[in-house]
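The values are calculated or read from the model by the stated rules, or taken from the named source; none is laboratory data. All values reported here derive from a predicted model rather than from experimental measurement. Backbone-built Cβ (ideal geometry, glycine too); neighbour counts: all protein chains shown.
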Amino acid sequence: MKKVSLTKLERAKKRVAAIKGFYNHLVAYLIINLAIIIFKETVVVSVLSKEALGSPEFLNWIDWNVYGTPILWGIGLAIHGLVVFSSRPKFIKNWEQQKIQEFMNQE
């Protein structure tokens, strides 16, 4: 006999894994973006040529990338947090249950 529904333990393990994944994502976000912002000047001066450093357009492009990365990644992190910590609306749960039942009836 096949088990159709997940046990409470399995659901709890999946939930804990999702929360752990979010916190790992958050730690990576903080470490990488802080490093990018802190070391921006050092990397720019040591890696780039004097001609590139003299170009205001290029420096502006670097600034947009240095500050745009945390903003865009932060939006993705916020969406990840919403998915992990918010419960699904009731109509989605009902739809999923109906589809599961429909597929079980077909087999």
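Annotation: of all residues in segment 64-92 being at pLDDT 80 or above and among the small types (Gly, Ala, Ser), the one that is nearest to the chain's Cα centre (by Cα) is Gly76. Restricting the first member to segment 77-101 and to residues that are acidic (Asp, Glu) and surrounded by 10 or more Cβ atoms within 10 Å (Cβ to Cβ), and the second to residues that are at pLDDT below 80 and not in a helix (DSSP H, G or I), the beta-carbon pairs closer than 9 Å and six or more apart or on different chains are Glu96/Arg88.
The condition of being loosely packed, with under 11 Cβ neighbours inside 10 Å, part of a helix (DSSP H, G or I) and modelled with pLDDT under 80 does not hold for Asn24.
Among the residues of segment 31-43, just one is more than 15 Å from Gly68 (Cα to Cα) and at pLDDT 90 or above, namely Ile31.
Test Ser46 against the stated conditions and say whether it is among the polar types (S, T, N, Q), assigned to a helix (DSSP H, G or I) and modelled with pLDDT under 75.
Details: among the polar types (S, T, N, Q): yes; assigned to a helix (DSSP H, G or I): yes; modelled with pLDDT under 75: yes.
Against the criterion (among the polar types (S, T, N, Q), assigned to a helix (DSSP H, G or I) and modelled with pLDDT under 75), Ser46 qualifies.
Selection over segment 49-63 of residues that are of a type outside the set (Phe, Trp, Tyr) and either surrounded by 11 or more Cβ atoms within 10 Å (Cβ to Cβ) or modelled with pLDDT of 70 or more (or both) gives a count of 9.
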